[in-house]
Amino acid sequence: MSEKIKDVGFLMCVCTGKCPGFTKMDIWDFINRVRIELPVEYGFIHPQLCEEDGDRFLDEFLRPGRKYMIAGCAPNMQYKLFRDAFEKAGLTIKKDLIPLDIREMTTEEAVTLVEKKLEEEKEKKYE
Ligand code: SF4
C-alpha cells in the first residue's frame, strides 16, 4: 500500500446502524478494508456521533495535531454538527476534519472514495 499518511484518524459514523443510506454496503467489510488496507492511523465505527454521548465521546477523543476523516453524512452537516467539539479540542474544523458522505454507496465505492481523499491529503502535505 501507499506511504502512510500520518495523523489521519478514520471514523465511520453509521447513523444508528438503521439508516437506509447504509444498506448498500457491508459496513464491516468497509471499515476493515479502510483500517487494514489504507494508510490511516486507525479506523473504527461509532453508532451516532451527533447524539449526546457522541459529543461526550468527541470531547474525550479529539486532540490537536491530528486530522480526522469522518465517513457518514453530508459534509455540510458534519461541519455544523462537529464544529463545537473540534473548537473545544483546539482544532480547526475546515482544516482538521475531512468529511465524507458515503451514504448510498456500495462497499467498493466507499473504499475508493476514502482512498481518493487520502491521496488528496497526501498531495496537500507535499505541496
Ligand atoms: S453524524 Fe451524520 S451520519 Fe452520524 S448519526 Fe448524525 S446524521 Fe447520522
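Read-outs: derived from the displayed coordinates by stated rules, not from any lab. Because the structure is a prediction, the values reported are computed rather than measured. Every residue, glycine among them, receives a Cβ derived from its backbone with ideal geometry; neighbour counts consider all protein chains shown.
So that you can scan it fast, the table gives a plain yes or no per residue for (1) away from the ligand (no atom under 16 Å from the Cβ); (2) in contact with a helix residue (DSSP H, G or I) (Cβ under 7 Å, 6 or more places away or on another chain); (3) farther than 22 Å from Ala110 by Cα:
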{"site": "Phe30", "(1), (2), (3)": "no, yes, no"}
{"site": "Arg33", "(1), (2), (3)": "yes, yes, no"}
{"site": "Glu37", "(1), (2), (3)": "yes, no, no"}
{"site": "Val40", "(1), (2), (3)": "yes, yes, no"}
{"site": "Lys80", "(1), (2), (3)": "no, no, yes"}
{"site": "Arg83", "(1), (2), (3)": "no, yes, yes"}
{"site": "Leu91", "(1), (2), (3)": "yes, no, yes"}
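What are the residues in the stretch 93-117 that are within 13 Å of the ligand (Cβ to nearest atom) and either on the phi > 0 side of the Ramachandran plot or free of Cβ contacts under 8 Å to residues at least 12 places away in the same chain (or both), if any?
Within the stretch 93-117, just Glu104 meets the criteria.
Every residue, every condition in (1) part of a helix (DSSP H, G or I); (2) surrounded by fewer than 15 Cβ atoms within 10 Å (Cβ to Cβ); (3) basic (Lys, Arg); (4) out of contact with any Pro (no Cβ under 8 Å at 6 or more places or on another chain), yes or no:
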site: Asn32; (1), (2), (3), (4): yes, yes, no, yes
site: Arg63; (1), (2), (3), (4): no, yes, yes, yes
site: Phe86; (1), (2), (3), (4): yes, no, no, yes
site: Lys95; (1), (2), (3), (4): yes, yes, yes, yes
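Cβ contacts < 7 Å: first residue free of Cβ contacts under 8 Å to residues at least 40 places away in the same chain, restricted to the stretch 65-84; second residue within 13 Å of the ligand (Cβ to nearest atom) and in a helix (DSSP H, G or I), any location; separation 6+ or different chain. Result?
Between residues of the stretch 65-84 that are free of Cβ contacts under 8 Å to residues at least 40 places away in the same chain and residues that are within 13 Å of the ligand (Cβ to nearest atom) and in a helix (DSSP H, G or I), the close pairs are Phe82/Leu58.
Tally up the residues in the stretch 97-121 that are surrounded by 15 or more Cβ atoms within 10 Å (Cβ to Cβ), assigned to a helix (DSSP H, G or I) and of a type in the set (Lys, Arg), please.
1
With respect to the numbered conditions (1) within 10 Å of the ligand (Cβ to nearest atom); (2) surrounded by fewer than 18 Cβ atoms within 10 Å (Cβ to Cβ); (3) not aliphatic (A, V, I, L, M), which one is the sole condition not fulfilled by Phe57?
Answer for Phe57: the failing condition is (1).
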